[in-house]
1. If you take every DSSP beta bridge fully contained in segment A:334-414, what fraction is antiparallel? Give it as a percent rounded to 5.
2. Which pairs break 21 Å Cα to Cα here: B:19/B:108; B:80/B:108; B:19/B:130?
3. For the pair residue A:198 and residue B:117, how long in nm is the line joining their label points, each one 7 Å along Cα→Cβ?
4. Using a simple spin-label model with points 7 Å from Cα along the Cα→Cβ vector, what separation in nm is obtained for residue B:220 and residue B:147?
5. Show which aspartates and glutamates lie in cross-link reach of residue B:60 when reach means a straight Cα distance below 20 angstrom and same-chain residues fewer than eight apart are skipped.
6. Within straight cross-link reach of residue A:257, meaning Cα distance under 18 Å, which aspartates and glutamates are found once same-chain residues fewer than 8 apart are removed?
7. Once the Cα atoms of helix A:313-323 and of chain A are each reduced to a long axis, what angle between those two axes, in degrees from 0 to 90 to the nearest 10, is obtained?
8. At most 14 other Cβ atoms within 10 Å and a DSSP loop assignment: could you name the GluC sites (Glu not before Pro) in segment B:3-99 that fit?
Amino acid sequence: MRPVTPRGFRDVLPEEAAEREALQRRLGDVFSAWGYGLVETPVVERLDALEAAAGSLEGTAFRLVDLDGQLLALRPDVTVPIARLVASRMGDEVGPHRLRYCANVFREHESLRGQSRQFTQVGVELVGARGPAADAEVVAMLVEALRAAGLSRFSIGMGTVEVFQAIVDAAGAGETWGAAVFAAAHDRNLVELDRLAAEPDVAPRAAAALRAVPRIRGGVEAIEACRSAASGCGCDGALDDLQTTYELLESAGVADKVAVDFSVMRSFDYYTGLVVEAYAPGLGVPLGGGGRYDGVLAAFDAPSPAAGFALGLERVAIALVEQDGGPRTRGLDAVLGGEPGLALEVAARLRGAGWRVTLSQREGSALVREAEHRGAVEALVATGKGLYRLDRSGEVALPIEDPIPYAPTTSWAQGGEAL
Amino acid sequence: MIAYRESEEGRPLRIAVPKGSLFADSVRLLQAAGLDTGALENPGRQLIVRTDDAEYIIGKPTDIPVYVAYGAADCGIGGKDVLIEAGLDVVELVDLGFGACRFVVAEKGGTQAEVSERARHLGVVRVATKYPVITQAHFDARGIQVEIVKLNGNIELAPLIGIADVVVDITATGTTLRENDLRIIEDVLPSSARFVGNPVAVRTDPRVSRLADTLAELSARDPEAGL
């Protein structure tokens with residue numbers, strides 16, 4: 001048979017894998033510098049645990065049944081597993097907990113949508129801290145991470161779901177209506193929101209707010225615009241917090257990247273306050289996002305405020321390619337031929353001097369061609385008399401002095417560009 | 001999936017426009033909104049039409065949500081019917097009013113007794129449609145078990161040639177259904193043209209929300225024609 005991968009799953013070959021590794025490191029280094037510790041969680045979780053925390057998993061998670069008949073799911077995100085981890089493993093420790101992760105997640109998609117069913121999320125969770133200071137920490141870190149990734153052009157949309165919640169509460173039009181409003185907001189359907197606002201039972205003040213608020217976006221002045229559009233709906237406290245968060249981001253020097261946007265709604269429904277999304281120009285989908293989910297840990301009997309975000313590694317990589325800022329990964333320095341026993345010993349010394357070196361059993365011009373093919377800077381041969389560089393025709397040319405110098409930084413194959 | 005489109009500063013707004021029955025009204029509305037649509041009126045076989053302020057991508061109506069959701073177009077005009085059926089992540093910004101039609105359930109005249117007789121013995125109703133998602137949701141909500149046969153056109157044929165008991169189709173006036181001896185037995189939902197935006201473009205490109213505001217004003221002025 002000629003094997004294929006299942007729809008929506010793919011292999012990652014060395015060149016891309018090296019770039020992904022470099023990108024993960026850039027992001028991880030930022031989070032580490034903020035004091036976030038790396039954690040890993042299992043690829044599978046019990047379905048009941050996931051569903052207790054996030055009601056909107058239906059149709060999203062890959063489900064499995066194990067030999068005990070237990071229903072399991074491949075993790076569709078990492079936020080809920082980390083909340084589960086904190087609730088079950090760190091309950092007695094003094095918070096807040098600052099955790100980071102880089103993990104593959106799995107989501108079901110219908111066929112023929114060209115969508116991956118496995119992708120990689122790099123993110124952080126700040127568990128046990130609430131208020132604008134914690135929210136601002138998360139958003140500032142998001143900005144810093146995108147800068148560190150190498151993106152020059154990006155923006156953050158920041159809002160709060162509390163405003164929507166307050167409007168729905170103020171409308172007094174019942175639970176079914178409220179659920180329909182949230183469904184329409186999640187579907188980003190402004191036409192449906194207008195229709196729901198026009199229903200007869202809706203308090204006029206809330207109806208006006210419902211029409212206006214999802215269309216408000218801008219700088220800090222958007223918060224004032226929302227305050228007047230939703231006046232009397234009881235969301236002043238939430239807006240005060242958002243304003244303080246914005247001012248903290250100004251102090252952190254990242255507010256120029258942040259737009260206040262009350263239409264931001266994440267696809268998972270567990271968010272209770274701050275919501276953020278990151279965008280790159282020209283990319284039709286967000287780079288990532290997150291927010292505050294103060295109810296999730298309560299579902300695991302360990303109530304605690306929490307906030308975080310995740311970036312889609314693949315999406316950041318695409319944006320980097322578009323903006324020409326992708327990681328330049330270092331290639332091979334040398335291909336080394338010669339008598340095998342000798343070559344192994346010399347290779348060890350080369351590596352000790354910082355070279356990236358691969359062994360070859362080819363000789364002469366074939367060895368040079370292999371070096372070119374692999375993008376290596378040098379073709380070397382280890383002989384009883386010492387270590388020699390081959391010239392382009394495969395003739396033994398210059399000796400390499402002892403002790404071995406540091407690895408070269410230019411390459412024939414890469415047109416002499418700095419690596 | 002993500003569309004790869006260069007994102008240079010100052011590029012024209014990319015607007016997806018549906019071919020077919022919504023095309024003429026879409027062009028007229030965009031023109032009323034102050035856009036230069038001259039080149040769009042007779043595009044010939046061109047599928048991408050560029051003017052000073054916009055780049056129009058002309059596509060099949062069912063492909064418009066795909067272009068917009070994946071970011072190949074910043075915004076576009078599409079029927080509510082295809083938006084529901086596609087189920088993709090686009091922001092529905094304005095009900096443009098034109099292209100109004102409704103989804104209905106119809107059956108061959110005088111066959112109601114036969115259909116319910118068959119349903120009693122066979123347990124299911126066979127439904128032919130171009131819109132399996134909408135159809136399934138409708139019958140699920142009513143607690144009726146159906147077998148859906150997806151066809152790509154001439155849905156009204158299905159009951160006549162015995163492929164299905166009833167059809168779910170869109171109709172503006174009901175003429176085609178009547179001419180084929182089909183009787184409307186139930187309304188499913190109304191549809192009309194919508195202005196939709198890519199979720200990122202709506203939030204990062206002020207031109208999309210400005211165009212949405214203008215279109216909303218125009219549609220409110222004359223909800224019948226959207227003009």
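No value in this document is a laboratory result; all are computed from the given coordinates. Computed from a predicted model, the values in this text were never measured in an experiment. Glycine gets a Cβ as well: all are built from the backbone with ideal geometry, and neighbour counts include every protein chain shown.
1. Numbers: 6 of 14 bridges.
That works out to approximately 45 percent antiparallel.
2. Details: B:19/B:108 31 Å; B:80/B:108 26 Å; B:19/B:130 18 Å.
Listed pairs above 21 Å: B:19/B:108; B:80/B:108.
3. Placing both labels 7 Å beyond Cα along the Cβ direction yields 4.5 nm.
4. 5.1
5. Output for residue B:60: B:25, B:41, B:74, B:81, B:85, B:89, B:92, B:95, B:169.
6. A:135, A:137, A:144, A:221, A:247, A:277, B:9, B:205
7. The angle comes out at about 70 degrees.
8. Working: sites: B:6, B:8, B:9, B:41, B:55, B:85, B:92; in loops: B:6, B:8, B:9.
Sites meeting the loop and neighbour criteria: B:6, B:8, B:9.
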